[in-house]
Amino acid sequence: MLRRRRFGDVIKRQLDLFAREHAGDIDETDERLEAYNTADRDEAEERYGDYVDSVDLVKEFLEEVRDTYSRTLDEPTRDVYEREFERELAKRWPRFAV
């Protein structure tokens with residue numbers, strides 16, 4: 001029997017909204033990864049740094065989404081929500097897992 005996640009629907013909606021509102025940031029991260037992958041040896045380190053900066057920015061935005069909602073919950077419930085959020089985030093966008 002499959003176990004239904006307590007916050008599955010909420011988290012799905014949060015991530016869907018995030019994807020719409022931050023599509024440009026997500027696309028920029030993809031573009032920076034592509035720039036790194038195609039860079040000459042001389043430029044690769046700088047391009048990788050740009051990619052990491054972009055990933056970190058998106059992670060900060062996602063942490064804000066997670067933390068804003070989790071502050072409305074009591075401590076035990078907050079822990080459950082945060083674990084479920086992280087699990088779903090890792091499935092959807094592994095590079096942005098917090």
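Extension gain for Ala19 to Val52 (0.36 nm times residue separation, less C-alpha to C-alpha distance): 10.0 nm.
Phi-derived couplings, Karplus 6.51 cos²θ - 1.76 cosθ + 1.60 at θ = phi - 60°, listed residue by residue for region 9-23: 5, 4, 5, 4, 5, 4, 6, 5, 5, 4, 4, 6, 6, 10, 4 Hz, with x used for Gly and Pro. Annotation for Val80 and Glu45: the two label points, set 7 Å from Cα along the Cα-Cβ direction, are 4.9 nm apart.
Summing Lys and Arg as +1 and Asp and Glu as -1 over all other residues whose Cβ lies under 13 Å from the Cβ of Ala19 gives a net charge of -2.
Remark: region 88-93, residue by residue, has Karplus-estimated 3J(HN,Hα) of 5, 4, 5, 6, 6, 9 Hz, where x stands for each Gly or Pro and the curve is 6.51 cos²θ - 1.76 cosθ + 1.60 at θ = phi - 60°. Scalar couplings 3J(HN,Hα) for region 58-74, obtained by applying the Karplus form with A = 6.51, B = -1.76, C = 1.60 to θ = phi - 60°, are 5, 4, 4, 4, 5, 4, 4, 4, 4, 5, 4, 6, 5, 5, 7, 10, 6 Hz; x denotes Gly and Pro.
Only the coordinates and a few stated rules stand behind these numbers; no lab work does. Computed from a predicted model, the values in this text were never measured in an experiment. No Cβ is skipped: glycine too gets one built from the backbone with ideal geometry, and neighbour counts run over all protein chains shown.
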